[in-house]
Every structure is written in C-alpha cells, then in structure tokens.
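Below: the structure, in structure tokens.
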Amino acid sequence: MSAIPCEIPGPAVAEVFVENRAQLWRVARKIVSTAELADDVLQDAYLRIADGSCGRSVDRPMGYCCQVVRNMALDHCRRLRVESAYRCFDIDVETVDTRACGTPDRRLCERQVIAAIDRALAALPQRTRKAFEFHRIEGLTQREIAKRMGCALGLVNGLIAEAADAIRSCGHQLLDAETH
C-alpha cells in the first residue's frame, strides 16, 4: 500500500486554476445569478484549491478545478435558497430603528409607568374615573358623557381635568427613563 503523494504530478492545481481563470469564471457565472457572485465563488474556490491541494493526487487538474468551482457555486445557490426560506420580512434590516422596539429597561419602565397610571386612576373617585374612561377610552364627547352620567357639562370638564392631573403626575417617571 503506497502513501498518497503530497506533490501533484504535472502542473500544480493552483497554477492551472490561475491560467484558466476566465473559463472557470464562466462555469461559475452559468450557475450563480450575477458576475459579482461568480467572482466571489471563484475567489472561494481558489482559496480552497490553494489550501487543500496537497495530499491528493490529481490526474486532470483542469477537471478538478472545474468541479471545485461548480460545487462551490451550487453550494452558494443552495445557501441563498435556504436563507431566503427563513426570511419572513420584506424590510431592510439595516434601516430598522431599534429604538422604536425599546430596550428591556425601557419596556420595564413603561410597564412601571402604566402601573402607576392604573394606581392613580384607581385612587380617583369612581365618578371621576368613569368620566375619564368615557372620554379617553370610549372616545365620547364631554356633552355625551354629561348626558350619559346625568350631570352638567362643566362638571364633566372638571372631572376629566382632575383625572388628567392625576395621570400627569405619573409622566415624570417616563421622562426620567428617557433621560437615563
């Protein structure tokens, strides 16, 4: 049993690759979609051949180079197909404003502010809270609220203002979080 020779008989595979670069590029270009991708595939194939040619006997170096380029181009296409299958958004990730999503600290602070608002509303008299909910949550006008609650329009205005003042006192927590 003979050992695999480290030297390749005839011209070195890397030299054959360089001499036939144009033909190998055309092989890659037929498989991948753009000239730029063909350039990338060719570069990767050359690095593979230059790094891995020792330890293998190659009888037909040009055929070997063509097969490496072909395999790398097909691998590239498969990889793109798999990656595109996992993409679920039609947006450019680089343009997404990550501040809009909020950091965990920011979300925690927002939850704390919401809890403070809930506590402030719960501390209000039921009539004040109800007038505020009609106005802010259900979107009723003050005139509609007055009719529904059976009270004067001026009183509804005052109740909504009282609830807004109670909530406004919670707003400093959110402003503090934005500055930190």
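The values are calculated or read from the model by the stated rules, or taken from the named source; none is laboratory data. Note that this is a predicted model, so its numbers are computed, not measured. Because the Cβ atoms are built from the backbone with ideal geometry, glycine has one as well, and the counts that use them run over all protein chains shown.
Data overview
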| item | result |
| --- | --- |
| Flag for LEU74 being aliphatic (A, V, I, L, M), modelled with pLDDT of 90 or more and crowded, with 17+ Cβ neighbours inside 10 Å | no |
| Residue in region 82-94 that is exposed (fewer than 11 other Cβ atoms within 10 Å of the Cβ), among the charged types (D, E, K, R), at pLDDT 85 or above and closer than 30 Å to ALA22 by Cα present | no |
| Every residue from region 124-150 that is without any contact (Cβ under 8 Å) to a residue 12 or more places away in the chain and in a loop (DSSP other than H, G, I, E, B) | PRO125, ILE137, GLU138, GLY139, LEU140, THR141, GLY150 |
| Within region 95-128, tally of residues that are at pLDDT below 75 and among the hydrophobic types (A, V, I, L, M, F, W, C) | 3 |
| ALA131 being small (Gly, Ala, Ser), at pLDDT 90 or above and not assigned by TED's automatic domain parsing to the domain that holds GLU162 | no |
